[in-house]
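Report on the structure given below.
The values are calculated or read from the model by the stated rules, or taken from the named source; none is laboratory data. As the structure is a computational prediction, the values presented were derived from the model and not from experiment. Here Cβ is always computed from backbone atoms with ideal geometry, including for glycine, and neighbour counts include all displayed protein chains.
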Amino acid sequence: MVKAQPRTAYKYPPPRPESHNRNTHISQSQPTQTAVADIFYMGLLWMVAAAVAAVLASWAINALVYLVWRPRAITRQLRAQGVGGPGYRFFAGNLAEIKQLRADSAGAALDIGNHDFVPRVQPHFRKWIPIHGRTFLYWFGARPSLCVADVNVVKQVLSDRSGLYPKSIGNPHIARLLGKGLVLTDGDDWKRHRKVVHPAFNMDKLKMMTVTMSDCAGSMMSEWKAKMDKGGSVEIDLSHHFEELTADVISHTAFGSSYEQGKKVFLAQRELQFLAFSTVFNVQIPAFRYLPTEKNVKIWKLDKEVRTMLMNIIKGRLATKDIMGYGNDLLGLMLEACAPEDRQNPLLSMDEIIDECKTFFFAGHDTSSHLLTWTMFLLSTHPKWQEKLREEVLRECGNGVPTGDMLNKLQLVNMFLLETLRLYAPVSAIQRKAGSDLEVGGIKVPEGTVLTIPIATIHRDKEVWGEDANEFKPMRFENGVTRAGKHPNALLSFSSGPRSCIGQNFAMIEAKAVIAVILQRFSFSLSPKYVHAPMDVITLRPKFGLPMVLKSLEM
């Protein structure tokens with residue numbers, strides 16, 4: 001009989017081998033290391049979250065200051081000095097009211113004899129000036145704007161030579177359209193650009209350009225004549241033709257090319273112009289310009305196309321440099337100033353030349369084309385003046401190509417153009433800004449305040465121009481520009497002071513040449529299809545074009 005072995009008493013859990021205990025020790029230490037890593041990462045996340053919270057808090061405080069506290073402080077500061085205004089609205093300022101006023105007036109056409117388009121183009125100034133006076137505060141978003149419609153204050157701003165009132169570039173799309181050339185630069189950059197560009201517009205060169213201007217106009221006249229039937233008359237939309245003509249003139253005289261060669265540049269710039277203006281009355285949020293919105297992408301694409309086409313024109317000039325030199329037109333002068341072999345430190349970089357080309361391709365044809373358009377509109381609605389000017393042209397120029405000396409003798413034509421510029425200035429408003437805290441017209445204005453000069457409104461101020469300010473009267477300029485109104489600096493069509501338009505003599509000579517050639521060959525009257533609806537798209541133009549009935553005077 002086998003005796004049963006007694007059971008060994010085990011404690012629970014049973015003892016494990018020494019080796020197993022070592023493994024157990026290792027496995028127990030691992031959670032401790034993981035916990036340390038978790039704590040580290042949690043701490044890092046908390047630090048990042050705290051940093052983000054601090055940044056957001058800083059943004060919130062800055063936004064609160066910029067959108068709430070600062071507008072209230074500026075409003076109180078100016079009201080204490082007697083400067084009123086329509087009052088700030090959170091974030092949008094007065095933009096909503098401005099857009100509503102413009103929308104309300106957009107559909108109304110004017111009578112042909114009514115030259116007061118301010119209710120259509122600047123309805124906010126027409127509403128606010130009678131309430132708040134010629135100098136008042138209003139808001140473009142959270143940016144303070146001071147309306148400066150007093151001619152004496154305007155003179156103070158525009159005649160400054162010390163740089164107190166730099167250009168205001170609040171809209172990046174307009175800056176992209178014009179390029180940072182002579183129009184938008186300030187300080188030493190402006191002086192450097194002007195030093196290069198100014199010689200291209202001296203009077204001797206402008207007189208030499210007159211023949212080119214007349215030839216371009218003559219080519220356009222030949223096209224009109226070819227369209228005429230046996231009855232000797234034709235209806236033509238002159239605004240479109242003038243855009244092409246002035247583009248052809250600036251192409252020939254400044255860039256040594258032709259309209260056909262630069263046609264894509266002008267078309268792209270025109271599209272850019274309308275896109276840029278569509279953003280003028282929107283709140284400008286800096287970061288939004290970098291977002292790939294549909295409009296931004298289109299603007300970027302057009303701008304790239306313009307720069308590429310301008311670079312191709314420049315390359316074409318450089319390719320013939322060894323044979324023909326740089327040339328003595330605007331492009332040639334700029335390229336010479338850029339030439340590294342001629343100067344260790346070139347006056348202009350290639351990017352700056354491209355920007356200047358953008359400036360003059362746009363400004364050199366757009367404003368001139370509208371001056372011609374409105375001049376022809378007024379000539380067609382004032383047939384007696386049309387006959388007076390034709391008699392003067394035939395007396396001084398005959399039927400030949402007008403020369404610079406002949407154009408200088410056209411006094412009635414000159415007065416007519418000046419009155420056209422008063423009533424239909426190509427640019428309806430210009431802006432500067434306070435470069436620092438300063439005094440404007442006895443008012444202490446904080447740094448960054450935009451100073452808006454409403455040209456169209458000032459040109460209709462009866463205290464400056466008399467009770468007939470809204471009437472068309474060229475004889476008011478019989479004794480010159482400075483005596484036409486009650487203030488010598490009242491005509492602001494080309495601005496005034498040291499920053500006045502460098503191309504004003506060019507524009508006036510071109511307008512005289514073209515009008516003279518037209519008067520030599522055609523009589524004209526306004527088409528019944530014409531609708532008088534001036535509109536502002538950076539520059540002032542007839543909304544529905546200028547259809548005109550032309551009749552040949554040549555046998």
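Some notes on this structure:
- Any chance S168 is farther than 20 Å from G364 by Cβ, among the small types (G, A, S), touching a residue at least 40 places away in the same chain (Cβ under 8 Å) and surrounded by 19 or more Cβ atoms within 10 Å (Cβ to Cβ): yes
- Against the test of being free of Cβ contacts under 8 Å to residues at least 60 places away in the same chain and either touching a Lys or Arg at 6+ places or on another chain (Cβ under 6 Å) or in the same structural domain as L310 (by TED's automatic domain parsing) (or both), the options F125, F117, F140, F136 yield a single qualifying residue, F136.
- Screening the stretch 395-449 for strands (runs of 3 or more DSSP E) wholly inside it with 2 or more residues that are aliphatic (A, V, I, L, M) returns the ranges 438-440, 443-445.
- Within the stretch 212-225, residues that are free of Cβ contacts under 8 Å to residues at least 60 places away in the same chain have Cβ atoms under 6 Å from residues that are of a type in the set (S, T, Y) in these pairs: T212/T253, counting only partners at least 6 apart in sequence or on another chain.
- Qualifying residue in the stretch 358-376 (condition: over 22 Å from the mean Cα position of the chain (by Cα) and in the same structural domain as M208 (by TED's automatic domain parsing)): yes
- Cβ-Cβ distances below 6 Å connect the following pairs, each with a first residue in the stretch 263-283 that is assigned by TED's automatic domain parsing to the domain that holds E243, a second residue that is assigned to a loop (DSSP other than H, G, I, E, B) and of a type in the set (A, V, I, L, M), and a separation of six or more residues or different chains: Q273/I538; F277/I538; V283/A92.
- Elements of the type helices (runs of 4 or more DSSP H) sitting completely within the stretch 172-241 and holding at least 2 residues that are crowded, with 19+ Cβ neighbours inside 10 Å, of a type in the set (S, T, Y) and out of contact with any strand residue (DSSP E or B) (no Cβ under 7 Å at 6 or more places or on another chain): these cover 203-227.
- Residue ID - nearest to the chain's Cα centre (by Cα), chosen from residues in the stretch 292-331 that are closer than 22 Å to I250 by Cβ and outside any helix (DSSP H, G or I): D329
- Per-region count, the stretch 508-555, residues over 25 Å from the mean Cα position of the chain (by Cα) and outside any strand (DSSP E or B): 18
- Taken over the stretch 327-354, the residue count meeting the criterion of being modelled with pLDDT under 90, within 23 Å of E260 (Cβ to Cβ) and not polar (S, T, N, Q) is 1.
- Selection status of A469, in contact with a Lys or Arg (Cβ under 7 Å, 6 or more places away or on another chain), crowded, with 19+ Cβ neighbours inside 10 Å and free of Cβ contacts under 8 Å to residues at least 40 places away in the same chain: yes
- Within the stretch 49-106, the set of residues being in a helix (DSSP H, G or I), surrounded by 12 or more Cβ atoms within 10 Å (Cβ to Cβ) and β-branched (V, I, T) comprises V65, V68, I74, T75, I98.
- Failed item, numbered, when L451 is tested on (1) in contact (Cβ under 8 Å) with a residue 12 or more places away in the chain; (2) under 30 Å from T212 (Cβ atoms): (2)
- Residue among N489, N479, N505, N470 that alone is in the same structural domain as M208 (by TED's automatic domain parsing) and at pLDDT below 95: N489
- Complete set of residues in the stretch 332-356 that are outside any helix (DSSP H, G or I) and acidic (D, E): E341, D342
- Every residue from the stretch 378-388 that is surrounded by fewer than 23 Cβ atoms within 10 Å (Cβ to Cβ) and either in a helix (DSSP H, G or I) or without any contact (Cβ under 8 Å) to a residue 24 or more places away in the chain (or both): L378, S380, T381, P383, K384, W385, Q386, E387, K388
- Residue check for R460: in a loop (DSSP other than H, G, I, E, B) and either among the basic types (K, R) or crowded, with 22+ Cβ neighbours inside 10 Å (or both): yes
- Any pair with Cβ under 7 angstrom, 6 or more apart, that starts in the stretch 405-419 at a residue that is closer than 11 Å to E478 by Cβ and free of Cβ contacts under 8 Å to residues at least 12 places away in the same chain and ends at one that is among the acidic types (D, E) and in a loop (DSSP other than H, G, I, E, B): none
- Each residue in the stretch 286-345 was checked for being among the aromatic types (F, W, Y), out of contact with any Lys or Arg (no Cβ under 8 Å at 6 or more places or on another chain) and closer than 26 Å to R192 by Cβ, and 0 pass.
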